[in-house]
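Encoded as structure tokens, the structure appears first; notes follow it.
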Ligand code: GLN
Ligand code: ZN
């Protein structure tokens with residue numbers, strides 16, 4: 001019998017119950033006892049769903065009040081000093097303080113007594129975890145019993161439960177050493193005894209298996225980290241329960257031998273991301289070990305091709321017999337909960353999709369098929385899967401020859417501007433006549449409650465299209481008036497009409513589908529609902545032209561057109577699995593190229609194409625970087641290069657870890673790039689020591705993530721630093737991201753100071769000249 005199991009289930013709830021409860025608790029509207037009750041009910045419901053779907057072994061420890069890495073930090077006693085109260089054990093309040101920070105006065109971020117731990121992306125997913133903070137003299141001690149309590153809870157409900165832990169090497173690797181000159185790996189020997197205690201206690205509570213996640217085995221690892229694996233697992237070996245080491249998000253590659261031979265009882269591998277490792281692993285896995293095959297994609301919403309997966313299952317079953325386990329590729333945390341809630345999706349699209357619950361059913365069916373290929377349920381399930389694959393393969397909604405033909409016909413001349421930057425910038429300067437240190441913003445202005453209410457009323461049919469348009473035009477007039485009063489040089493319309501920078505465009509493109517409840521946790525109580533790319537993409541008509549034209553009519557200053565780029569559209573959607581990412585990005589690029597052209601024809605002289613997700617598309621392994629960067633850069637060039645010399649293309653990226661990809665960013669050949677630099681104190685500019693960025697650049701001069709109002713002096717300082725590296729005639733002045741999360745008063749105050757800073761620098765230049 002092959003065992004069917006899952007590595008983890010979404011915790012947020014099919015109706016986002018956890019989000020709602022958490023936010024009510026934070027507002028003081030829901031007591032702690034009630035919150036605990038919501039958690040307990042959700043866990044019970046999720047175990048039940050997985051059990052009913054046919055899984056044999058259910059995960060425990062996948063539930064978290066905010067983030068599973070944070071739960072581990074509490075479990076190991078990794079609580080930074082600023083959150084500790086001497087003598088007191090950490091509480092739920094401690095946990096939320098670490099996650100969200102504690103403010104002392106007026107809720108202002110700069111007034112916070114305790115700044116929250118840093119959030120960062122969990123591998124290449126859109127989930128963000130709280131980075132553990134390690135001190136040089138870090139000690140570890142068991143300090144949080146949640147995992148044990150939840151194991152007892154699952155067992156009391158009668159389930160076969162498998163506790164899930166993040167492994168010691170992955171946990172250390174994800175953390176950050178505070179202070180100079182010490183290596184996190186030195187902490188391993190201090191950390192391992194606590195793991196030993198945890199394992200002993202899980203065994204004492206009756207756990208037969210524990211799942212230990214070591215996804216870093218799918219990364220490029222330094223040799224000392226590789227060596228540490230064997231040492232660590234030799235030490236954990238003696239704990240009296242069986243250990244399954246889980247790897248995911250990629251192939252083991254050079255770590256395959258290491259992973260296969262760790263002194264544990266089982267190994268899980270991701271065969272969705274890395275199907276090629278299958279035959280090799282069969283030869284390398286020792287004869288005593290369980291092999292868990294991740295065959296159902298935990299990162300996407302498509303139904304599994306069961307027939308294809310079954311071929312693998314049969315081959316593995318012949319070799320492994322009872323040592324075969326079947327699972328999703330990774331935790332189901334990264335997909336929505338239940339397709340059953342999608343009652344508004346058209347019937348055909350629905351048959352193509354599978355969310356967490358359905359993925360558990362697929363896993364169960366594959367496991368069963370290993371030994372009972374003729375069971376009626378297996379035969380029926382396979383027939384459905386075959387029919388679904390056939391309907392997708394033949395659907396004219398997916399395969400649109402005109403889109404394919406257009407893409408095939410793209411020539412090199414469509415991938416580059418007609419003239420080099422040095423020439424076209426002259427044409428742009430002549431047309432735009434901007435002062436030195438031109439000021440602008442990144443696109444969005446505050447999304448006020450009034451804007452949200454108007455959009456909601458419009459969507460519910462309570463506000464007519466004409467009234468909605470009028471309301472949004474009033475917002476544009478307001479934004480333009482303020483920008484003129486502030487004296488900004490290049491204006492924006494403010495993006496009031498956009499709910500989200502991806503969904504807004506996706507809704508106007510052919511080839512996308514939308515779910516009503518397809519929420520995925522991003523961090524804490526925050527969820528995202530990515531649109532689904534179901535087929536070849538095209539643009540039926542202009543998407544932004546009317547708004548931008550209207551905005552331009554309100555002012556004599558240049559108005560920037562504002563679009564989202566192809567890579568970001570792709571990265572923040574659920575992508576297709578039947579064609580590669582490059583093809584989808586290029587189809588998006590052609591659609592955006594048409595929009596760029598329409599904007600240009602409508603008289604727009606500056607068009608910004610945001611690529612907020614450009615860097616996060618980088619593959620986890622270095623070996624994948626060049627391939628990705630090539631198609632990603634070309635996708636940007638394809639969407640942006642069809643304009644006249646005098647039309648200026650901007651792009652925007654909201655992070656500063658560019659050093660490794662700076663030449664790719666330059667190769668995008670945008671005339672102007674605006675980037676985040678304020679939080680990193682212009683660290684980015686270090687990159688410009690080694691690399692001479694050729695085009696115009698606007699290093700963000702203040703952090704929009706905080707309501708704090710920066711002074712002109714600090715922005716002048718940052719700009720002077722920038723001017724050391726980048727010729728002043730190529731510098732722009734702007735905040736580091738869009739302003740939609742801010743309020744108007746702080747926005748106006750901050751921008752007034754920003755304009756003052758630019759004016760100051762201009763005067764300095766005149767004096768120097
Ligand atoms: N133009 C978008 C805005 O200003 C960019 C957002 C982003 O980079 N995430 O909101
Ligand atoms: Zn940004």
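Every number here is computed from the coordinates shown, using simple stated rules; none is lab data. Because the structure is a prediction, the values reported are computed rather than measured. When we count neighbours, we look across all protein chains shown, and the Cβ atoms used for this are built from the backbone with ideal geometry, even at glycine.
Protection proxy ranking of 37-45, 248-256, by the mean of other Cβ atoms within 10 Å over each peptide's residues and highest first, is 248-256, 37-45.
Once Rg and the Kirkwood radius are both taken over the C-alpha atoms of region 162-290, their ratio Rg/Rh works out to 0.97. Quick check on region 227-303: what does the Kirkwood estimate of hydrodynamic radius come out to from the alpha carbon pairs, in Å? Mean inverse Cα-Cα distance, inverted, gives 13.2 Å.
The label point for residue 189 and the one for residue 288, both projected 7 Å from the Cα toward the Cβ, are 2.7 nm apart. With r as the distance between the Cβ atoms of residue 374 and residue 114 and R0 = 51 Å, compute the FRET efficiency 1/(1 + (r/R0)^6) and round to 0.05. Approximately 0.25, to the nearest 0.05. DSSP finds beta bridges in region 30-189, and of those with both partners inside it, around 50 percent are antiparallel. Over all pairs of different C-alpha atoms, the chain has a mean inverse distance whose reciprocal, the Kirkwood radius, equals 27.9 Å.
Take residue 308 and residue 469, extend 7 Å from each Cα along the Cα→Cβ direction, and tell me the distance between the two endpoints in nm. So the two model labels end up 4.5 nm from each other.
Name the residues of region 170-213 whose amide N is less than 13 Å from a point 7 angstrom out from the Cα of residue 135 along the C-beta direction? Of the residues in region 170-213, 178-179 have backbone N under 13 Å from the label point off residue 135. Highest average first, the peptides 301-308, 22-29 ordered by how many other beta carbon atoms sit within 10 Å of their residues are 301-308, 22-29. The mean sequence separation of alpha-carbon pairs under 8 Å and at least six residues apart, normalised by the residue count of region 181-330, gives a relative contact order of 20 percent.
Between residue 429 and residue 160, the C-beta separation translates, for a Förster distance of 60 Å, into a calculated FRET efficiency of about 0.30. Put a dot 7 Å past the Cα of residue 100, heading toward its Cβ, do the same for residue 616, and the two dots end up 2.2 nm apart. A straight line joining the Cα centroids of region 384-449 and region 35-107 runs 42 Å.
Once Rh is set to the Kirkwood radius over Cα pairs, what Stokes-Einstein translational diffusion coefficient, in µm²/s, holds for region 293-386 at a temperature of 10 °C and a viscosity of 1.306 mPa s? Rounded to a whole number, D works out at 117 µm²/s. Full extension of the chain between residue 318 and residue 234 gives 27.2 nm of extra length, using 0.36 nm per residue less the Cα-Cα distance.
Between the helical axis of 581-601 and the longest alpha-carbon principal axis of the chain there is an angle of about 20 degrees. Only Cα sites of region 353-395 enter the Debye sum here, all with the same form factor; the resulting log10 I(q)/I(0) across q = 0.14, 0.28 1/Å is -0.35, -0.99, listed in q order. Taking each residue as 0.36 nm, the span from residue 720 to residue 348 lengthens on full extension beyond its C-alpha to C-alpha distance by 128.1 nm. Cα centroids of region 310-360 and region 1-30: 20 Å apart. Judged by the mean number of other Cβ atoms found within 10 Å, the most tightly packed of the peptides 584-594, 333-343 leads the ranking 584-594, 333-343. May I ask you to list the residues of region 163-181 whose amide nitrogen lies under 18 Å from a point 7 Å from Cα along the Cα→beta-carbon direction of residue 659? Once the point is set 7 Å along Cα→Cβ of residue 659, 176-181 turn out to lie under 18 Å by backbone N, inside region 163-181. Estimate the FRET efficiency between residue 478 and residue 705 by the formula 1/(1 + (r/R0)^6), using the beta-carbon distance for r and 22 Å for R0, to the nearest 0.05. Plugging the Cβ-Cβ distance into 1/(1 + (r/R0)^6) gives 0.40.
With coordinates expressed along the principal axes, the C-alpha atoms belonging to region 523-605 extend over 46, 33, 17 Å, beginning with the largest. Using only Cα atoms, tell me the angle between helix 376-394 and the longest principal axis of the chain; keep it within 0 to 90° and round to the nearest 10. That helix lies at roughly 20 degrees to the long axis. Rounded, prolate or oblate: pick one for region 381-489, where a ≥ b ≥ c are the square roots of the eigenvalues of its C-alpha gyration tensor, a/c under 1.5 means rounded, and failing that, prolate if a/b is larger than b/c, else oblate. Here region 381-489 falls in the oblate category.
Multiplying the residue separation of residue 462 and residue 44 by 0.36 nm and removing their Cα-Cα distance gives an extension gain of 146.6 nm. Hydrodynamic radius of region 320-466 by the Kirkwood approach over all distinct alpha-carbon pairs: 22.5 Å. Axis angle, to the nearest 10 degrees, between helix 465-486 and the longest C-alpha principal axis of the chain: 60 degrees.
Cβ crowding within 10 Å ranks 359, 740 as 740, 359, fewest other Cβ atoms first. For region 507-655, the relative contact order works out to 25 percent when only alpha carbon pairs closer than 8 Å and six or more residues apart are counted. For region 173-250 versus region 624-667, the spacing of their alpha-carbon centroids is 39 Å. Relative contact order of the chain, taken over Cα pairs closer than 8 Å and 6 or more residues apart, is 12 percent.
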